[in-house]
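The values are calculated or read from the model by the stated rules, or taken from the named source; none is laboratory data. What you see is a predicted model; the values in this text were computed from it and never measured. Every residue, glycine among them, receives a Cβ derived from its backbone with ideal geometry; neighbour counts consider all protein chains shown. Protein only, heavy atoms only, side chains kept; ligands, DNA and RNA dropped before computing areas. Shrake-Rupley method; radii C 1.70, N 1.55, O 1.52, S 1.80 Å.
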Amino acid sequence: SCLIQDGRLTFYPGNQTVALPFINFMKRYGIVFLKAYTNSPICCPSRAAMWSGLFTHLTESWNNFKGLDPDYVTWMDLLQKHGYHTKKLGKIDYTSGHHSVSNRVEAWTRDVAFLLRQEGRPTVKLTGNKTHVRVMEKDWQNTDKAVNWIKEEAVNFTQPFVLYLGLNLPHPYPSPSTGENFGSSTFLTSPYWLKKVSYEAIKIPKWSSLSEMHPVDYYSSYTKNCTGEFTKEEVRNIRAFYYAMCAETDAMLGKIISALRDTGLLKRTIIIFTADHGELAMDHRQFYKMSMYEGSSHIPLLVMGPGIKQQQQISNVVSLVDIYPTMLDIARIPAQQNLSGYSLMPLLFEEVESEVVTRKPRPPWVLSEFHGCNVNSSTYMLRTDTWKYITYSDGNSVPPQLFDLSADPDELENIAMKFPVVAHSLDKILRSIVNYPKVSSSVQEYNKREFISWKQSLGQNYSNVIANLRWHQDWLKEPKKYEDAIVKWL
């Protein structure tokens, strides 16, 4: 399963805010990773990392429509080559997310010196009645297909199988309206799911004042249309509706677990539940992802199955690039060289084959990076056991951030200036993994190149098309000013 979920819900504070019975079932009979991260907090680049086992600067999956080459050999291709029956259902999105022209142009122009709202204000919407279970119909259809495949086909296989189910939930829905809230994200659920959320347990996140915000956070918050006034009730509702969407997702996981149990396959099948990124749900005055804050970058990762430790919480830092080598290990296929990830095998199984143990040890850090829209600078995060270090662009033009997650789990105090030695040593490790100033500048060149060729393809229509993208409400007030800013950037 692969979807968008704040990983902290699987251990803290999820057990108080919303009932997730099947995630709890996996925790009881398997392992929950307490520090699992995405390698890029956005759909397509994150999936590119998961399917390839390579960091984003190696896949060059810079934004939501630039992913892996279509002929890239994924772990699933290798399993198929080694005799596995394979089935992919739902959201795959690792070669391209086919996102709108607007998304592309917003990503390419993020270095332009203007501020334009790219989103409508986040909203909530209740649909159906107390018995309305299937809100996200398309995800349910894919879940049904997976269940039928398990019951009608997998049960008869003599060779092993691997099934991938990519869900969209709990992703907010783009609203169809064209008015004031054009393109806004709607957190949509039914009363059936909302009643599974305990409103009194919902924590209202603390926000810095706009003037104190980190410059990149301010840009993100502004372009996501979150800098206006929000009442406590609005924020609580957005969070509650998001948790309700997580409960609906959990029910889909339940259908898969039940199908495996009904067919007798559960006791010999490994189940992995994870996500491509999280959801801020108004943490740090933002919704959506595209941020290195916990709500966006911390993902769920639960594993259960034969031979896997039960009721274990693993506190090693891990990330999605680890899925590739893990899948190969499980299938006993020799791993290729030069993968960014490390097999989770030694952390998962009670008894591990000696050759797995003798491989190079897992490093004490994970890397995440972001190069897409809603953030006006390439962003790099190095996460260790205690620290989270975030740096931007060339490392100089934008101030870095350092958080001590054991003392400050809500990431409210940037202590990079207070602990320069720690910040410096983490920066040094980061530079040994990726020459990030160089990557940032190649993304800038890519953005300009793509923008210019798009602009040329429009000819005389350019001014009209660019004015009427998702940012039209702001753009149309002073179109010349914004066009000039682009000219200056180019």
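The table for this structure:
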| item | result |
| --- | --- |
| Single unsatisfied condition, Leu58 versus (1) farther than 19 Å from Phe370 by Cα; (2) open to solvent by 50 Å² or more (accessible area, probe 1.4 Å); (3) modelled with pLDDT of 95 or more | (1) |
| Long-range neighbours under 7 Å by Cβ, at least six apart or interchain, first residue under 13 Å from Trp62 (Cα atoms) within region 101-124, second in a loop (DSSP other than H, G, I, E, B) and of a type in the set (Gly, Ala, Ser) | Ala107/Gly372 |
| Residue in region 308-317 that is of a type in the set (A, V, I, L, M, F, W, C), surrounded by fewer than 24 Cβ atoms within 10 Å (Cβ to Cβ), in contact with a Ser or Thr (Cβ under 7 Å, 6 or more places away or on another chain) and not in a loop (DSSP other than H, G, I, E, B) present | yes |
| Filter result (touching a residue at least 40 places away in the same chain (Cβ under 8 Å) and farther than 16 Å from Arg134 by Cα) within region 235-250 | Val235, Asn237, Ile238, Arg239, Ala240 |
| Residue match in region 246-258 (condition: closer than 30 Å to Ile204 by Cβ, open to solvent by 10 Å² or more (accessible area, probe 1.4 Å) and under 16 Å from the mean Cα position of the chain (by Cα)) | no |
| In region 371-394, residue most open to solvent (accessible area, probe 1.4 Å) [restricted to those that are over 13 Å from Leu405 (Cβ atoms) and touching a Phe, Trp or Tyr at 6+ places or on another chain (Cβ under 6 Å)] | Asn376 |
| Residue list for region 211-228, filter: over 23 Å from Tyr173 (Cα atoms), open to solvent by 40 Å² or more (accessible area, probe 1.4 Å) and touching a residue at least 24 places away in the same chain (Cβ under 8 Å) | Pro215 |
| Ile272 over 21 Å from the mean Cα position of the chain (by Cα), closer than 17 Å to Trp51 by Cα and outside any helix (DSSP H, G or I) | no |
| Of the criteria (1) touching a helix residue (DSSP H, G or I) at 6+ places or on another chain (Cβ under 9 Å); (2) in a helix (DSSP H, G or I); (3) of a type in the set (A, V, I, L, M, F, W, C); (4) not assigned by the TED database to the domain that holds Ala275, which one Val321 fails | (4) |
| Hits in region 269-282 - residues which are of a type outside the set (Gly, Ala, Ser) and crowded, with 24+ Cβ neighbours inside 10 Å | Phe273, Asp276, His277, Glu279, Leu280 |
| Test for Gln337: is it in contact (Cβ under 8 Å) with a residue 24 or more places away in the chain and not basic (Lys, Arg) | no |
| Region 410-422 residues that are assigned by the TED database to the domain that holds Gln286, paired with ones that are surrounded by 12 or more Cβ atoms within 10 Å (Cβ to Cβ) and not hydroxyl-bearing (Ser, Thr, Tyr) (beta carbon under 7 Å, 6 or more apart) | none |
| Whichever residue in region 326-370 is of a type in the set (Gly, Ala, Ser) and either within 22 Å of Leu78 (Cβ to Cβ) or not in a helix (DSSP H, G or I) (or both) and, among such residues, is most open to solvent (accessible area, probe 1.4 Å) | Ala335 |
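Residue by residue, here is whether (1) in contact with a helix residue (DSSP H, G or I) (Cβ under 7 Å, 6 or more places away or on another chain); (2) under 29 Å from Glu369 (Cα atoms); (3) in the same structural domain as Pro172 (by the TED database) holds:
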site: Ser296; (1), (2), (3): no, yes, yes
site: Ile299; (1), (2), (3): yes, yes, yes
site: Gly307; (1), (2), (3): no, no, yes
site: Ile314; (1), (2), (3): yes, yes, yes
site: Met327; (1), (2), (3): yes, yes, yes
site: Ile330; (1), (2), (3): no, yes, yes
site: Ala335; (1), (2), (3): yes, yes, yes
site: Phe349; (1), (2), (3): no, no, yes
site: Glu355; (1), (2), (3): no, no, yes
